[in-house]
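Enquirer: I have a structure I would like to understand better, so I am pasting it below and will then ask my questions one at a time.
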Amino acid sequence: MGADRHQVNDAPEINEWFDSMRRDFRRWYLASDNPWRQSGWGSTPERWRLAREVILSAVEHGGAFLDIGCANGLLLECLIAWANERGVVIEPHGIDLVPELVDLARQRLPEYASNFSPANSFTWIPSRRYDYVHLLLESAPPSRHREYLGRVLDSAVARGGRLIVSNYGSRSKSESPIDVTGHLSGLGFTVAGSAAASEHDGFVITRTAWIERS
Ligand SMILES: C[S@@+](CC[C@H](N)C(=O)[O-])C[C@H]1O[C@@H](n2cnc3c(N)ncnc32)[C@H](O)[C@@H]1O
C-alpha cells in the first residue's frame, strides 16, 4: 500500500503530524533536480561527506543496510561507495514516506530497485531483518520515540545487528545536533557506541549513536 493511503492507526494528531511531514518533504525535496537537495542537503558535496560518512562508524562489516527515510537514495549510494573504500560491502535498502522520492531512489540504484518501498516507518511491519537500520530522530513525534525505537529495534534489526540513530545540525541555522547518546540512554536504551562529525572550527554537524540487538 502506498504511504499516502496508509493512515496510522492512532490519534488524529499523529496522522496529521505525518501528513504535514509528507507534504513538507514532498514540497521541498521534489522542488529541485539537484540530488543533494532531493536529500535535504543545501551545501557542498564535501560537507555532505563530512556530515554523513560518520554513520559508517557503526558499520564494522558488510551486510544489509536499511535507511529509514531514504529520500532519493543519495545517502545509500554514497555509503556504498565510502564503505567500498574501506573494503566493506553494503547492500542498500530504503523506505520513505514520499512515494516520488522512493521512485528516485529506485532510479538512482536500479540494481536494487526492489529493495525500496514507500512506507511510514512508524507503522511499517518489515518482512525481513537488516544488519544495520539507520534512522533520524525526526522520523517520529518526540513523545513517541521510546516505543518507536523499541519497535524498530525488535522488528527490523537482525540479531547482532545495529539500530543507528542520527541527528544533524545546521550551520546556517546555528543549530547543533542533540546529544543522541544521552537521548537514547534517557529513554532506557543501552548505547553500544557513538560518533560525531565536526568541522574544522569544532562545530559539530552530526551526532550518531547505535543500539545493538542481542
Ligand atoms: C533529511 S532526509 C534523510 C535522507 C537520508 N536518510 C539522510 O540521512 O541524509 C529525511 C527523509 O525521511 C523521510 N521520512 C521522515 N519520516 C519518515 C517516516 N516516519 N517513515 C519513512 N520516511 C520518513 C522524509 O520523507 C525524507 O525523505
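Residues checked against (1) within 9 Å of the ligand (Cβ to nearest atom); (2) of a type in the set (D, E); (3) closer than 23 Å to R162 by Cα:
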site	(1), (2), (3)
R26	yes, no, no
D33	no, yes, no
E46	no, yes, no
V54	no, no, yes
V59	no, no, yes
G62	no, no, yes
E85	no, yes, yes
V98	yes, no, no
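Enquirer: Go through segment 160-200 residue by residue and tally those that are part of a loop (DSSP other than H, G, I, E, B) and within 16 Å of the ligand (Cβ to nearest atom).
Expert: Step one: of segment 160-200, the residues part of a loop (DSSP other than H, G, I, E, B) are 169, 171-174, 176-179, 187-192, 199-200.
Now restrict to residues that are within 16 Å of the ligand (Cβ to nearest atom): 169, 171-173, 177-178.
The total comes to 6.
Enquirer: Here is a further query. Exactly one condition in (1) more than 12 Å from the ligand (Cβ to nearest atom); (2) open to solvent by less than 10 Å² (accessible area, probe 1.4 Å) is not met by D67; state its number.
Expert: Going through the list (1) more than 12 Å from the ligand (Cβ to nearest atom); (2) open to solvent by less than 10 Å² (accessible area, probe 1.4 Å), D67 breaks only (1).
Enquirer: Also, I was wondering about something else. List every residue pair whose Cβ atoms lie under 6 Å apart, where the two residues are 6 or more positions apart in sequence or sit on different chains, the first residue falls within segment 12-25 and is free of Cβ contacts under 8 Å to residues at least 24 places away in the same chain, and the second residue, located anywhere, is open to solvent by 70 Å² or more (accessible area, probe 1.4 Å).
Expert: N15/Q7
Enquirer: Among the residues of segment 103-125, which ones are touching a residue at least 40 places away in the same chain (Cβ under 8 Å) and open to solvent by less than 60 Å² (accessible area, probe 1.4 Å)?
Expert: Going through segment 103-125, the residues touching a residue at least 40 places away in the same chain (Cβ under 8 Å) turn out to be 104, 108, 116, 118-123.
The answer is L104, F116, P118, A119, N120, S121, F122, T123.
Enquirer: Also: Just to verify a result, which residue in segment 172-191, among those that are touching a strand residue (DSSP E or B) at 6+ places or on another chain (Cβ under 6 Å) and either modelled with pLDDT under 95 or surrounded by 14 or more Cβ atoms within 10 Å (Cβ to Cβ) (or both), is farthest from P141 (Cα to Cα)? Outline the logic, then answer.
Expert: Taking segment 172-191 and keeping what is touching a strand residue (DSSP E or B) at 6+ places or on another chain (Cβ under 6 Å), we get 176-178, 180-181, 184, 189, 191.
Now drop any that are not either modelled with pLDDT under 95 or surrounded by 14 or more Cβ atoms within 10 Å (Cβ to Cβ) (or both), which leaves 176-177, 180-181, 184, 189, 191.
Numbers: S176: 19, P177: 17, V180: 15, T181: 18, L184: 15, F189: 18, V191: 21 Å.
If we take residues in segment 172-191 being touching a strand residue (DSSP E or B) at 6+ places or on another chain (Cβ under 6 Å) and either modelled with pLDDT under 95 or surrounded by 14 or more Cβ atoms within 10 Å (Cβ to Cβ) (or both), then V191 is farthest from P141 (Cα to Cα).
The values are calculated or read from the model by the stated rules, or taken from the named source; none is laboratory data. Note that this is a predicted model, so its numbers are computed, not measured. Note that we place each Cβ from the backbone using ideal geometry, even for glycine, and neighbour counts take in every protein chain shown. Areas reflect the complete protein model, heavy atoms only, side chains present, ligands, DNA and RNA absent. Shrake-Rupley method; radii C 1.70, N 1.55, O 1.52, S 1.80 Å.
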